[in-house]
1. In the stretch 162-185, which residues are touching a residue at least 60 places away in the same chain (Cβ under 8 Å), away from the ligand (no atom under 16 Å from the Cβ) and touching a Lys or Arg at 6+ places or on another chain (Cβ under 7 Å)?
2. Which residues, counting only those in the stretch 65-92, are open to solvent by 100 Å² or more (accessible area, probe 1.4 Å) and either in a helix (DSSP H, G or I) or in contact with a Leu (Cβ under 8 Å, 6 or more places away or on another chain) (or both)?
3. Pull up the stretch 132-155, narrow it to residues that are assigned to a loop (DSSP other than H, G, I, E, B) and open to solvent by less than 30 Å² (accessible area, probe 1.4 Å), then point me to the one that is nearest to Val35 (Cα to Cα).
4. Residues being of a type in the set (S, T, N, Q), within 21 Å of Ile256 (Cα to Cα) and open to solvent by 40 Å² or more (accessible area, probe 1.4 Å): count how many of those fall in the stretch 156-212.
5. Look through Thr188, Thr149 and report the one residue that is touching a helix residue (DSSP H, G or I) at 6+ places or on another chain (Cβ under 8 Å), polar (S, T, N, Q) and more than 15 Å from the ligand (Cβ to nearest atom).
6. If we scan the stretch 348-366, do we find a residue that is open to solvent by 60 Å² or more (accessible area, probe 1.4 Å) and over 30 Å from Lys302 (Cα atoms)?
7. For the stretch 271-283, how many residues meet the condition of being crowded, with 18+ Cβ neighbours inside 10 Å and either more than 18 Å from the chain's Cα centre (by Cα) or part of a loop (DSSP other than H, G, I, E, B) (or both)?
8. Determine which single condition Gln244 fails, assuming it passes every other condition in (1) at pLDDT below 95; (2) crowded, with 20+ Cβ neighbours inside 10 Å; (3) touching a strand residue (DSSP E or B) at 6+ places or on another chain (Cβ under 8 Å).
Amino acid sequence: MIKIAKFGGSSVASAEQFRKVKGIVEADPDRRFVVVSAVGKRFSADNKITDLLLLVNAHIQYHVDCSALLADIEQRFLDIAEELGLKWPVRERFETFAKNIKKHSPEYIVSRGEWFTAHLMAEYLGMPFVDAADVVVFHHDGNVDMERTAVRLKDVMARQGCFVLPGFYGATVDGQIKLFQRGGGDITGAILARCIDAGLYENWTDVSGFLSADPRIVDHPRSIRRITFDEMRELSYMGASVLQEEAIFPVREVNIPIQIKNTNRPEDEGTIIREKAAAGEDEHLLTGIAGKRDFISVHIKKAHMSGEVGVVRRALSIFERYGVSVEHIPTGVDSFSVVVNGADVRDSIYSIVADIRRELEPDDITMIDNLALLSVVGRNMSKRSGTSGKIFGALGDAGINIRMITQSSQEISIIMGVENEDFEHAVRVIYDRFVRDEMV
Ligand code: ASP
């Protein structure tokens, strides 16, 4: 089986991290195609090379001298090369780069973080370096040309048998460097996995996969061993994010599983993400809980609305007019609510309500602000009847008032609105009863 091993910035932040990467790659002969991010943070107050390169661009734009900054960046690469005894000419290459800095495009400059990192990693692993600019092909509109990219990647794969590829960038056919969005090394890994028909996309980072709840709210939450793509979307949408969202699509479409692994604790199982989670010993009722604060719900009531065509559409078009994205629309018989992100309507909520009043002539409009949304996610919930009732009951017993409820159509999640101030308490109540104690 071919495995793509993608290592994030913290996994390649120092010589010590390079050693761990080597240990991981050499532990499994299937790991022959490696993707790296740029050298990242060694500790929380440290700087990522990509951030420093963005700063270089800002200096150039404002005609400020950036030689000290460039020297800092170079030093990070030199330190790694020296400690590992690497021969690749960091100093010469960096000098050439720095000397011509004003001639380069901003995207080229930022892409050098991964370019230097991948060169060092390639030598250290004894694998060829493949430049992403030669294989990841962008259309001029910024999208990846998957067909051309697949042809080129398959070709180098057949010729080289193994390689190290820098993440985060590619180039147009005329050689202009293009970047993915921040964190885009994950996207490169996914594209590579798809183009060379890998059996697994390993994403090595600094956490042992997804946690079933936010560790800032719940003490030592259980890690999730198996999760489906849909469940992950629900959890990451609510803020529990480990992986660059866009990285999911290339592999999901062709059914390649992703495994999140921890470079600092490779023995941990991590989280495996697939289209359908294969049943296993740890089939829990709930997969995870996530949530966010500061939503607003606008509740619109109109007698006999159920017989009137187009009321909801007209209400939504008012939100659309103000460029506000709608999160949820829980409906009743003669009423419905529109739930939006508080920050999105900070300046427009009163105008929106006034327009609704004028155009829909409702009997009543009420607004609930300071609403937190809590998403309880679990593919197994639909198999057990009464789950939602028990969750609502547990919150009720804890004195938490539920202001809103919606359930996704596949029944993999239940979303509840509670007061902002009840948010953490609600997460703990559900976690303790349904995850920690697995009481159903
Ligand atoms: N180095 C890039 C960033 O910091 C891309 C990546 O790390 O995946 O955003």
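The values are calculated or read from the model by the stated rules, or taken from the named source; none is laboratory data. Predicted model, so just to flag it, every value in this text is computed and none were measured. When we count neighbours, we look across all protein chains shown, and the Cβ atoms used for this are built from the backbone with ideal geometry, even at glycine. Protein only, heavy atoms only, side chains kept; ligands, DNA and RNA dropped before computing areas. Shrake-Rupley method; radii C 1.70, N 1.55, O 1.52, S 1.80 Å.
1. The initial filter retains those residues of the stretch 162-185 that are touching a residue at least 60 places away in the same chain (Cβ under 8 Å), namely 162-169, 176-185.
With the extra rule that they be away from the ligand (no atom under 16 Å from the Cβ), the set shrinks to 162-163, 176.
Cys162 - this is the single residue of the stretch 162-185 that is touching a residue at least 60 places away in the same chain (Cβ under 8 Å), away from the ligand (no atom under 16 Å from the Cβ) and touching a Lys or Arg at 6+ places or on another chain (Cβ under 7 Å).
2. Glu82, Glu83, Arg91, Glu92
3. Val136
4. Of the residues in the stretch 156-212, 0 are of a type in the set (S, T, N, Q), within 21 Å of Ile256 (Cα to Cα) and open to solvent by 40 Å² or more (accessible area, probe 1.4 Å).
5. None of the others qualify; the one that does is Thr149.
6. No, the conditions are met nowhere in the stretch 348-366.
7. Selection size over the stretch 271-283: 1.
8. (3)
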